[in-house]
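These notes are about the structure you will find just below.
Nothing in this text is a laboratory measurement; each read-out follows from the coordinates by a stated rule. Bear in mind the structure is a predicted one, so any value in this text is a computation, not a measurement. Glycine gets a Cβ as well: all are built from the backbone with ideal geometry, and neighbour counts include every protein chain shown.
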Amino acid sequence: MQTALSGDVQRKLQWSLLSLRLGVFLVLLVWTVDKFVNPGHSMKIFEKFYGIGGMSDVAAYILGALQLLLVFAFVLGIKKRITYGVIFLMHGASTLSAFNQYFDAFNNLLFFAAWPMWAACFALYMLREQDTKFTVK
């Protein structure tokens, strides 16, 4: 059963969703830019966490370009079902690929930041129809 939200609650929800979208975008943008600034780092990550070795600089640049398109479409709210869904799945793969890091928690504390970000991606996907603040129609 769907109920209408009061104007104040709707306004607060939209600002909250915008803050989540901008926060997720900021992290993903930095990860994307890293592929251009330091493609060797991307190659090491793909080898260590995804088992994909032998990646070239060109492959890192291509992945970076595709990811850049995705994260800008995401932050602009374009095709939300697709972009929010791909962001959720992509970040989920990233979070789960580092699973062994969680067993040595106190030497890998920063990896735990992936979980609330993944939850934010899930919330954005589930509430994508209400996420309308500063989005492209």
_I'd like the projected area of region 12-126, averaged over all directions, using the convex hull of its alpha carbons. Report it in nm² with one decimal._
7.5 nm²
*asked:* Can you give me the angle between helix 39-50 and the longest principal axis of the chain, using Cα atoms only, in degrees from 0 to 90, rounded to the nearest 10?
replied: 80 degrees
*asked:* For a quick check: sort Thr83, Thr135, Thr95 by the number of other beta carbons within 10 angstrom, fewest at the front.
replied: Thr135, Thr95, Thr83
_I need the calculated FRET efficiency for the pair Phe103 and Glu47, taking r as the beta carbon distance and R₀ as 22 Å, to the nearest 0.05._
0.65
*the chain: angle of helix 114-126 to the longest principal axis, Cα-based, in degrees nearest 10*: 40 degrees
*Mind checking which aspartates and glutamates have their Cα closer than 19 Å to the Cα of Lys137? Skip sequence neighbours fewer than 8 apart in that chain.*
Glu129
*Can you give the extra length, in nm with one decimal, that the chain gains between Trp15 and Phe36 once fully stretched, where that is 0.36 nm per residue apart less the Cα-Cα distance?*
4.4 nm
*At 222 nm, what helix-only mean residue ellipticity would the chain give, in deg cm²/dmol to the nearest 500, using -39500 (n - 2.57) for each DSSP H run of four or more?*
-23500 deg cm²/dmol
*Fewest first, what order do Ile62, Ile78 take by the number of other Cβ atoms within 10 Å?*
Ile62, Ile78
